[in-house]
Amino acid sequence: MPEGAKPSALFSPAIEANGFVFTSGQLPIDPATGKMVEGIEAQTEQAIANLRAVLEAGGSSLDKLVKVNIYLNNIDDYASMNKVYAKAFKGAPPARTALQVGKIPLGASIEIEGIAVK
């Protein structure tokens, strides 16, 4: 488990099964400070950084993602999130679902989870 990726509930940051790494949803919390960053673009960057750290700790990486699920508090943040997301995924991006949900834990604007090959 990477530094700062300690879960805040009863779940594992990631589980490996049959050559895949399944991650739990990653919130935009800066592991250096333990605090949530502000603004949808900064939150997207941080959630992706946290996803990267969890994947790397599990022996995988962002470029090995096959499926990503993105949960937004406000679908109006979709374009801003997409702008940041596009910088993280060069070439053929993974399959993806992005949708608005009622509330994300701790008041976050975004949560990102993924499935990657090991």
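Things to note:
- Qualifying residue in the stretch 73-94 (condition: touching a Gly at 6+ places or on another chain (Cβ under 8 Å) and more than 18 Å from Pro28 (Cβ to Cβ)): yes
- Whichever residue in the stretch 41-82 is within 10 Å of the chain's Cα centre (by Cα) and small (Gly, Ala, Ser) and, among such residues, is surrounded by the most Cβ atoms within 10 Å (Cβ to Cβ): Ala47
- Taking first residues from the stretch 37-50 that are in contact (Cβ under 8 Å) with a residue 24 or more places away in the chain and partners that are acidic (Asp, Glu), the Cβ contacts under 6 Å between residues at least 6 apart in sequence or on separate chains come to Ile40/Asp77.
- The stretch 96-112 residues that are in contact (Cβ under 8 Å) with a residue 40 or more places away in the chain, paired with ones that are part of a helix (DSSP H, G or I) and of a type in the set (Ser, Thr, Tyr) (beta carbon under 9 Å, 6 or more apart): Ser109/Thr44; Ile110/Thr44; Ile112/Thr44; Ile112/Tyr85
- One residue stands out in the stretch 83-104 among those that are closer than 16 Å to Glu45 by Cβ and of a type in the set (Lys, Arg): the one that is surrounded by the most Cβ atoms within 10 Å (Cβ to Cβ), namely Lys83.
- Pair list, Cβ under 7 Å, 6 or more apart: the stretch 62-89 residue within 13 Å of Glu113 (Cβ to Cβ), other residue outside any helix (DSSP H, G or I) and of a type in the set (Asp, Glu): Asn69/Glu113; Tyr71/Glu111
Taken together, the values in this text are just the output of simple stated rules run on the coordinates, not laboratory data. Predicted model, so just to flag it, every value in this text is computed and none were measured. When we count neighbours, we look across all protein chains shown, and the Cβ atoms used for this are built from the backbone with ideal geometry, even at glycine.
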